[in-house]
Amino acid sequence: MTDASRNVAFIGIGKMGLPMSALVIKAGYAVTAFDQSAARLDEARSLGVSVAASPAAAVSGKPAVITFLPDDSALRGALLGSSGLIAAMAPDAVLIETSTVSVEASTEVAAAAQARGISYLRSPVSGNASIVHTGALTCFVSGPKQAFENAKPLFAAFTRAQTYLGPAEEARYAKLSVNLMIAVSAAMMAESLALARKGGIAWQDILKVLDDSAIASPMVKYKTAPLRTRDFESTFSCRQMAKDLDLILGAGHAVGVPLQLAAQVRETYGSLVAQGDGDTDFIATVKHLERLSGLGEPKL
């Protein structure tokens, strides 16, 4: 790599984007960032990130741009139109878009990128804010194969594994499919735990049963750990899960797949948001089922 090719722009440096940018710096890249939050930009400076005055200034002339944005609206607003990032990016640059967004919004970005000669890699990451700093994120990638091959060293800076899935929107479907299983698993755990408690099993005992059973999985073990101490601090919130389930249901409708479990679980998360639990961790499904079952706090 030439020195110039080690210049990367980061757009969106929140809970995920900021530690991702720090990992990219550690790997020897120069990072220029922009975010709407002045506080985040101040924190970025302390990590060695150069701060741009505007999104356009951040991406101007950069061979690689990484974006991490909260939703479809932010994606369209940041990337599309005459004042969007794609219009400001250098032709022949690569756009690595790591958010969880709809296939429809992603397709719009793809068309705009193609018109400018920009290689667009749909690269949603899998993992959460509690592990991103360790480099343990994985990602699903689709888009131009050669652009992915060229960008592998950059991907390796902030993810431990990358799965290339095809030339178009395959990575978006992969991320939605994984998040569907995570959401349904959280609902499943909540029902199982409530049933066990109603049957007289102590809280720590049923968590041990799950950990030692055939159903034990990385997902189950990931959530039994904080549940031991009733820690519902968010790594991924109920509000975010509701948003992702809306994307999942929209994708299912678009391609003709009936997602009955997804629809039911979406209403569970809607209830949690309505009850004031929108900012708690998505495993708050446990509290929701306890309320429905007339269960109070368990003895720890």
So which of Lys208/Lys243; Lys26/Lys243; Lys62/Lys152; Lys62/Lys175; Lys15/Lys175 end up more than 25 Å apart by C-alpha?
-> Lys208/Lys243; Lys26/Lys243; Lys62/Lys175
Per DSSP H run of n ≥ 4, the term is -39500 (n - 2.57); total these for the chain, divide by its residue number, and report the mean residue ellipticity at 222 nm rounded to 500 deg cm²/dmol.
-> -15500 deg cm²/dmol
Which of the helices in the chain meet the span-like rule: DSSP H, Cα axial reach of 27 Å or more, Kyte-Doolittle mean at least -1.0?
-> 170-198
Nearest 20 debye, what's the magnitude of the dipole of region 89-220 about its Cα centre given +1 on Lys and Arg Cβ and -1 on Asp and Glu Cβ?
-> 140
For region 85-213, what % of the accessible area comes from carbon and sulfur atoms, probe 1.4 Å?
-> 58
Please arrange Arg230, Arg45 by accessible surface area, largest first, computed with a 1.4 Å probe and ligands excluded.
-> Arg45, Arg230
Amide H proximity to Ala9 below 5 Å, modelled H, separation 5+ or other chain, gives Thr32, Ala64, Val65, Ile66
If only Cα atoms are counted, what is the Rg of region 20-80, and what is its Dmax, in Å?
-> 11.6, 32
Could you state the number of Å between the C-alpha centres of region 145-198 and region 251-283?
-> 17
Given springs between every Cα pair under 10 Å in a Gaussian network model of the chain, which of Ala93, Ala38, Ala183 has the largest fluctuation?
-> Ala38
How many nm separate the modelled label positions at Glu191 and His253, each set 7 Å beyond the Cα in the direction of the Cβ?
-> 2.4
To the nearest 20 debye, what is the magnitude of the charge dipole of the chain about its Cα centre, counting +1 on the Cβ of each Lys and Arg and -1 on the Cβ of each Asp and Glu?
-> 420
If you rank Glu149, Glu169 by how much accessible surface each has, with a 1.4 Å probe, what is the order from largest down?
-> Glu149, Glu169
Computed from these coordinates, which is semi-axes √(5λ) of the Cα gyration tensor in Å: (1) 36, 24, 19; (2) 37, 20, 17; (3) 48, 38, 15?
-> (2)
Using R₀ = 25 Å, calculate the FRET efficiency as 1/(1 + (r/R₀)^6) where r is the Cβ-Cβ separation of Leu47 and Lys152; round to 0.05.
-> 0.60
Ordered by packing density, taken as the mean number of other Cβ atoms within 10 Å over each peptide's residues, highest first, how do 212-223, 96-107 rank?
-> 96-107, 212-223
So how much slack lies between Glu297 and Ala115, counting 0.36 nm per residue of separation and subtracting their Cα-Cα distance, in nm?
-> 59.9 nm
Taking the Cα centre of region 145-300 as origin, sum charge times position over the Cβ atoms of Lys and Arg (+1) and Asp and Glu (-1), and report the length of that vector in debye to the nearest 20.
-> 180
Pseudo-spin-label distance Ala39 to Ser5, built 7 Å along Cα→Cβ, given in nm, is 4.0
Length gain on complete extension for the stretch Ala202 to Thr163, per 0.36 nm per residue less the alpha carbon to alpha carbon distance?
-> 9.9 nm
Using the Karplus equation 6.51 cos²θ - 1.76 cosθ + 1.60 (θ = phi - 60°), what ³J(HN,Hα) coupling, rounded to whole Hz, does each residue of region 117-133 give in order, writing x for Gly and Pro?
-> x, 9, 7, 9, 10, 6, 9, x, 8, 10, x, 8, 5, 6, 10, 4, 5
Listed residues Leu47, Ile96, Thr67: farthest to the positive end of the dipole of region 1-125 (Cβ charges) = Leu47
For Gly166, list long-range residues whose amide hydrogen, built 1.01 Å from N in the peptide plane, is under 5 Å from its own amide hydrogen.
-> Gly143
Name the shape class, rounded, prolate or oblate, that the alpha-carbon gyration tensor gives for region 122-247, where a ≥ b ≥ c are the square roots of its eigenvalues, rounded holds for a/c under 1.5, and otherwise prolate holds if a/b is larger than b/c and oblate otherwise.
-> prolate
Averaged per residue, the 1.4 Å probe accessible area of region 4-123, protein heavy atoms only, in Å², is roughly 39
Say the dipole of the chain comes from +1 at the beta carbon of Lys and Arg and -1 at that of Asp and Glu; which of Gly81, Pro298, Thr280 then lies farthest toward its positive end?
-> Pro298
Can you list the aspartates and glutamates whose alpha carbon is less than 12 Å from that of Lys221, not counting same-chain residues fewer than 8 positions off?
-> Asp211, Asp212
In terms of the charge dipole of region 165-217, which places +1 on Lys and Arg and -1 on Asp and Glu at the beta carbon, the residue among Ser185, Ala214, Gly199 farthest towards the positive end is Gly199
Other-chain or far-sequence residues with amide H under 5 Å of Val51's (modelled H) = Ala33
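The values are calculated or read from the model by the stated rules, or taken from the named source; none is laboratory data. These numbers come from a predicted model, not from an experiment. Neighbour counts are summed over all protein chains in view; Cβ atoms, including those assigned to glycine, are modelled from backbone coordinates with ideal geometry. For accessibility, only protein heavy atoms count, side chains too; no ligands or nucleic acids. Shrake-Rupley method; radii C 1.70, N 1.55, O 1.52, S 1.80 Å.
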